Amino acid sequence: MSTRDFSDMTDSASGVEMLDVFDDVGRHIGVKPRKEVHQSGDWHRVFHCQIVTLRDATPTLVLQRRSKSKAAFPGLLDISAAGHLAAGETPVEGTRELAEELGVEADAEALILLGERRLVDDSGEGTLNKELTSVFLLRDDRPLTEYVLQSAEVDAVFDASIEELLQLFDGSIKKLELSGVANAGSPQAKPITVQVALEDFVPGSSYWVNLFVMSERFINGQSPLAI
C-alpha cells in the first residue's frame, strides 16, 4: 500500500477537503473544495473497489451496507469500498478507502483496474455530481468477521453469491437472502441475515450487472476484463 502522506487532502488553513477538477475531456484544470465541486458540477475523480472471493468454491462479492447516517443512499447496499480521490492522489492511492472503511490493507499491485466510468447525477437540489470513477477489483479471502468497519460510513458487510445477484438483477428472483456481520471489528459485532430486493441497492442496474460479470470472470481467471 502507498505510504503517501495524505496531509494535503485538506486546505491546511480551513480543514476543507480539496479535490482535483477536470474538463470534459479529462484535462486537469484546478483544485476546488469538495462542496464547490458538487455545486458547480465539475468533473472529479472517485475510487471504487469491489472485493471478490470464493466461499465454499462459490464466486462471491463482499458488499457493504452504507451507514444510515450517510447523506447519500443511507442504509443501501454498495460496492465494497468507494470514495473521492483527494487533490494530488492517483487512482491506486484510493486503497486508503479500503483501510478506512473496512480495515483492509491492500497493496496497489493487487488491484485489478477495470477502467474508468463516467457518471453524471443531477440531484435536482442545486448539486450536479460528475464523477470520473476508477473501478478496481481485489481478491481478498478473509472472513467477514475479520473486517473492521468505520461506523460513520459502513454498518455491515455481506457475502453475496454472484450467480444469485445476477438472478436478482435479471428478474429471475425477487428477493435474495444475504448473510453478513453488523458492526464488524467492534464489541457490538454480530452475525445477521437479511432479505434484500433491487431497491436495497444503490441505483445503477447496468453498472451492477457489468460489475457482477467482470468479477465472476476475474475470480475464474478469465480475460479480458473491462467496465
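In the Gaussian network model of the chain, springs joining C-alpha atoms below 10 Å, which of His28, His48, His84 carries the largest mean-square fluctuation?
His28
Which lysines have a Cα lying under 20 Å from the Cα of Lys35, excluding residues fewer than 8 positions away in the same chain?
Within reach: Lys70, Lys130.
If we count other beta carbons within 10 Å of each Cβ, what is the order of Glu109, Glu17, fewest first?
Working: Glu109 7, Glu17 15.
By the 10 Å Cβ count, ascending, the order reads Glu109, Glu17.
Given an 8 Å cut-off on Cα distances and at least 6 residues of separation, report the relative contact order of the chain as a percent. Don't skip to the answer; put the middle values down first.
Working: 477 pairs, mean separation 45.4, N = 227.
Averaging sequence separation for qualifying contacts and normalising by length gives 20 percent for the chain.
What size of dipole, in debye to the nearest 20, comes out for the chain about its Cα centre when the only charges are +1 on Lys and Arg C-beta atoms and -1 on Asp and Glu C-beta atoms?
Charge dipole of the chain: 340 debye, to the nearest 20.
Where a number appears in this text, it was derived from the coordinates with a stated rule and is not lab data. Small disclaimer: the values here were computed from a predicted structure and weren't measured. FYI the Cβ positions are ideal-geometry reconstructions off the backbone, even for glycines, and counts take in every protein chain you see.
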